[in-house]
Amino acid sequence: MAAFPVLVQPAGLRFDAGEDTSLLMAAQAAGVKLPSSCRNGTCRACMCLLLEGAVDYLIEWPGLSRDEKEEGWILPCVARAVSALEIQAPLAAPIEPAVTPADRPLTGARR
């Protein structure tokens with residue numbers, strides 16, 4: 001299985017995307033949060049601009065117009081890398097780990 005490097009601008013975040021997984025899932029697995037909602041290519045919440053590289057889609061026709069595709073817009077929730085990529089996703093951010101308060105005992109008991 002091939003994996004391709006992905007650079008997310010303007011944050012400069014990086015992750016590798018396997019050819020068999022969506023960009024959204026690969027980003028999340030690597031600790032990068034991309035905007036998303038439906039995860040099936042219809043809501044367009046994840047829409048971002050492809051600056052370099054090429055993708056193909058897990059579905060036949062994602063929720064993009066022909067003009068949007070020609071302008072370079074992609075939907076990471078249903079797109080997969082077929083080369084190294086550079087994308088523009090202004091709302092991308094590192095996923096912050098969940099923090100458990102240290103002073104609260106983890107007993108499992110409910111009050």
Kindly provide the set of residues from segment 32-57 that are touching a strand residue (DSSP E or B) at 6+ places or on another chain (Cβ under 6 Å), open to solvent by less than 80 Å² (accessible area, probe 1.4 Å) and closer than 27 Å to A98 by Cβ, ordered by number. V32, C48
I'm trying to understand the selection: among the residues of segment 74-99, which are touching an Asp or Glu at 6+ places or on another chain (Cβ under 9 Å) and not β-branched (V, I, T)? A79, R80, A81, S83, A84, L85, E86
Among the residues of segment 47-94, count how many are under 14 Å from T21 (Cα atoms) and aromatic (F, W, Y). 1
Residue satisfying condition, being open to solvent by 30 Å² or more (accessible area, probe 1.4 Å), in a strand (DSSP E or B) and either within 15 Å of M25 (Cβ to Cβ) or not polar (S, T, N, Q) (or both), within set E70, E60, E86: E86
Qualifying residues in segment 4-31 (those that are without any contact (Cβ under 8 Å) to a residue 40 or more places away in the chain and out of contact with any Phe, Trp or Tyr (no Cβ under 9 Å at 6 or more places or on another chain)) - the one surrounded by the fewest Cβ atoms within 10 Å (Cβ to Cβ): G12
Is it fair to say L50 is in a strand (DSSP E or B), within 26 Å of P5 (Cβ to Cβ) and modelled with pLDDT of 95 or more? yes
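The values are calculated or read from the model by the stated rules, or taken from the named source; none is laboratory data. Quick caveat: nothing in here was measured; it's all calculated off a predicted structure. Please note: Cβ atoms are built from the backbone with ideal geometry, for glycine as well, and neighbour counts cover all protein chains shown. When the accessible area is computed, the model is the full protein with side chains, heavy atoms only, and any ligands, DNA or RNA have been set aside. Shrake-Rupley method; radii C 1.70, N 1.55, O 1.52, S 1.80 Å.
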